[in-house]
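Undergrad: Before I ask anything, here is the structure I am working with.
The values are calculated or read from the model by the stated rules, or taken from the named source; none is laboratory data. What you see is a predicted model, and the numbers here were worked out from it, not measured in a lab. All Cβ positions, glycine included, derive from the backbone under ideal geometry; neighbour counts span all protein chains shown. Note: accessible area is taken over every heavy atom of the protein model, side chains too, but ligands, DNA and RNA are not part of it. Shrake-Rupley method; radii C 1.70, N 1.55, O 1.52, S 1.80 Å.
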Amino acid sequence: MSQIPERVKQWMPAHLHGLEPYDPAFTPCDTILSANENNFGVPASVRDEMLAALAGVEEMRYPDALSGELRAELAAWHGVEPANVLVCNGGDEAIFNFFLAFGGGAKLLNCPPTFEVYELYGSMVGVSAHNVWRDPETLRPRWDELLAAAPSCDLAVITSPNNPTGDAVERAQVELLLEAVPGPVLVDEAYAEFTGAGQLAAGQPGTALPLLQAHPNLVVLHTLSKAFGLAGARIGYVIADPGVISALAAVRQPYSVNSFSQAAALVAVRRREEFEPNLRTLLAERSRVQCALAELPGVTLWPSDANFFLMRVPGAAQLRARLRDEHSILVRDFSAKPGLQDCLRVTVGRPEDNDALLGALGTLLG
Ligand SMILES: *Cc1c(COP(=O)(O)O)cnc(C)c1O
């Protein structure tokens with residue numbers, strides 16, 4: 001996608017002049033470990049039912065605006081009421097609507113390096129970020145500073161596990177944040193299902209959800225793009241106080257979640273326990289890959305609670321290009337981002353994906 005020409009920019013408001021079309025830095029490769037997707041995909045048995053459900057969609061009708069069946073299923077899973085749930089066109093839409101509803105002119109407490117979408121979407125609706133940078137060595141949030149800054153901010157976002165650093169936040173810390181921030185706090189749990197085994201059955205995957213009762217400013221975000229292997233379906237959901245859900249529903253495009261995606265997601269969520277074996281394999285693979293990489297010269301790794309991890313290695317940008325060009329393996333380069341010098345983000349894949357990665361890195365670094 002080309003850049004926006006100056007003659008077109010002059011039609012845009014000044015606060016949007018810094019924007020450019022999103023570049024996912026994607027190149028087709030044999031092994032894709034760049035976007036934190038679930039390379040196991042949907043289990044075959046679940047996929048068969050999913051395809052049958054798609055065939056039954058009445059595509060001439062508008063979708064169910066609030067994804068009623070899916071909403072009810074998600075609510076039952078998480079032990080909340082349907083009024084606590086809003087289904088969205090991917091977590092990204094939920095993040096955008098969060099800022100649209102609560103952000104105009106507001107000050108956002110943000111904890112970089114983190115998901116860049118927060119600052120980007122916030123900036124579109126006049127949000128200014130108050131950035132409390134993570135510790136440069138551990139890449140963990142500096143809680144004292146965050147909590148000190150919280151009362152002077154209007155809203156906050158915290159990511160657990162965080163992308164791209166991989167660390168999860170303790171529930172007790174989230175609670176302190178909920179008490180310190182005067183407005184809504186978005187807890188982005190896109191990777192919550194990877195925080196440990198058994199999360200899909202339990203319904204409370206390493207999550208801040210139990211805090212909702214006492215803290216109506218908690219806004220939890222989940223997605224089916226990661227653990228459920230449905231990134232292409234674009235389904236995310238928010239769990240929050242019914243009043244917050246109403247505000248988010250008021251700013252959304254009513255038909256943003258199409259009927260096909262609703263049908264596919266409903267099957268996946270109903271049969272969620274069938275995703276568990278692959279998730280367990282993935283968690284074991286995460287340890288295996290990290291242990292093997294730790295042996296390679298010059299590699300620094302951070303522990304991860306997600307389906308990806310960050311590694312620091314001298315000449316990271318060049319290494320990423322050689323992985324792509326000589327081994328057809330795609331990982332994500334963060335080396336030009338503030339605080340992430342020489343860092344690559346690597347998604348944990350299937351055993352064969354990870355073998356390919358370890359073989360290639362052994363050749364290139366060993
Ligand atoms: C992937 C991701 C999301 C949501 O992705 P969608 O595909 O839009 O559901 C949200 N937050 C973080 C931190 C992510 O990495």
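Undergrad: Give the peptides 119-127, 66-74 in descending order of average Cβ contacts within 10 Å, highest first.
TA: 66-74, 119-127
Undergrad: Sort THR363, THR27, THR207 from largest to smallest accessible area, using a 1.4 Å probe on the heavy atoms of the protein chains. Show your work: numbers first, answer last.
TA: Details: THR363 100, THR27 50, THR207 5 Å².
The residues order as THR363, THR27, THR207, largest area first.
Undergrad: Continuing with this model, one more query. Heavy atoms only, 1.4 Å probe, whole protein assembly: order PHE115, PHE308 by accessible area, highest first.
TA: Per-residue accessible area, sorted high to low, gives PHE115, PHE308.
Undergrad: In the neighborhood of THR281, defined by Cβ-to-Cβ distances under 14 Å, what is the net charge if each Lys or Arg adds +1 and each Asp or Glu adds -1?
TA: Summing Lys/Arg as +1 and Asp/Glu as -1 gives -3.
Undergrad: Now a separate question. Rounded to the nearest 500 deg cm²/dmol, what is the calculated helix-only ellipticity per residue at 222 nm for the chain, with -39500 (n - 2.57) per DSSP H run of length n ≥ 4?
TA: The per-residue figure over the chain is -11000 deg cm²/dmol.
Undergrad: Here's something else I'd like to know. Could you give the nm distance between label points at GLN213 and PHE260, where each point is 7 Å from its Cα heading toward the beta carbon?
TA: Result: 4.2 nm between the two label points.
Undergrad: Students often check this: by mean Cβ neighbours within 10 Å, which of 95-101, 283-289 ranks highest, and how do the rest follow?
TA: Output ranking for 95-101, 283-289: 95-101, 283-289.
Undergrad: Let me ask you something else. Among the aspartates and glutamates, which have Cα under 19 Å from the Cα of LYS107 when same-chain residues fewer than 8 positions away are ignored?
TA: GLU116, GLU119, ASP144, GLU145, ASP154, GLU179, ASP188
Undergrad: Given a 1.4 Å probe and every protein chain left where it sits, what share in percent of the accessible area of the chain is carbon and sulfur?
TA: Ligands and nucleic acids excluded, carbon and sulfur give 53 percent.
Undergrad: Quick one: of the DSSP bridges fully inside region 97-209, what percent are antiparallel, nearest 5?
TA: Percentage antiparallel, nearest 5: 0.
Undergrad: Let me ask something else. Write down the accessible area per residue of the chain in Å², having rolled a 1.4 Å probe over the full set of protein chains.
TA: Result: 43 Å² per residue.
Undergrad: Would you mind pulling out the separation of the Cα centroids of region 205-278 and region 23-50, in Å?
TA: Each part reduced to its Cα centre gives a spacing of 19 Å.
Undergrad: Shifting gears a bit: At what distance in nm do the modelled label points of ASP135 and ALA292 sit from each other, each positioned 7 Å from its Cα along Cα→Cβ?
TA: The answer from the label model is 3.0 nm.
Undergrad: May I ask what percent, to the nearest 5, of DSSP beta bridges between residues of the chain are antiparallel? All intermediate terms of the calculation are to be shown ahead of the outcome.
TA: Numbers: 18 of 34 bridges.
In the chain, DSSP labels about 55 percent of beta bridges as antiparallel.
Undergrad: Mind checking which of VAL346, TYR255, MET1 is farthest towards the positive end of the chain's charge dipole, using Cβ charges of +1 (Lys, Arg) and -1 (Asp, Glu) about the Cα centre?
TA: Value computed over the given set: MET1.
Undergrad: With the Cα gyration tensor of region 158-310 giving a ≥ b ≥ c as the square roots of its eigenvalues, does the rule (a/c under 1.5 for rounded; else a/b larger than b/c for prolate; else oblate) give rounded, prolate or oblate? Show your work: numbers first, answer last.
TA: On the way: a/c = 2.07, a/b = 1.32, b/c = 1.57.
Oblate, because a/c is 1.5 or more while a/b does not exceed b/c.
Undergrad: Could you please report the charge total around LEU248, scoring K, R as +1 and D, E as -1 over all other residues with beta-carbon less than 15 angstrom from its beta-carbon?
TA: Charge balance in the 15 Å sphere: -2.
Undergrad: Provide the gained length on full extension for the span LEU19 to ALA76, in nm with one decimal, where the gain is 0.36 nm per separating residue minus the Cα-Cα distance.
TA: Extra length available between LEU19 and ALA76 comes to 16.5 nm.
Undergrad: Once you order the gyration tensor axes a ≥ b ≥ c over the Cα atoms, which shape class does region 18-91 get: rounded for a/c under 1.5, otherwise prolate or oblate by comparing a/b with b/c?
TA: Prolate, because a/c is 1.5 or more and a/b exceeds b/c.
Undergrad: With a/c under 1.5 counting as rounded, go ahead and sort the chain into rounded, prolate or oblate using the C-alpha gyration tensor (a ≥ b ≥ c being the square roots of the eigenvalues; past the cut-off, prolate if a/b is larger than b/c, else oblate).
TA: It is rounded, given that a/c, with a ≥ b ≥ c, falls under 1.5.
Undergrad: Near LYS226, which lysines are there with a Cα under 27 Å away, not counting those fewer than 8 places off in the same chain?
TA: Within reach: LYS337.
Undergrad: What's the magnitude of the charge dipole for region 258-324 around its Cα centre, counting Lys and Arg as +1 and Asp and Glu as -1 at the beta-carbon? Answer in Debye, nearest 20.
TA: I would put it at about 240 debye.
Undergrad: Once the other residues with Cβ under 10 Å from the Cβ of SER34 are scored (Lys, Arg +1; Asp, Glu -1), what is the net sum? Before the final figure, lay out the partial values.
TA: Numbers: positive: ARG320, ARG324, ARG332, ARG345; negative: GLU37, ASP333.
So the surrounding residues net to +2.
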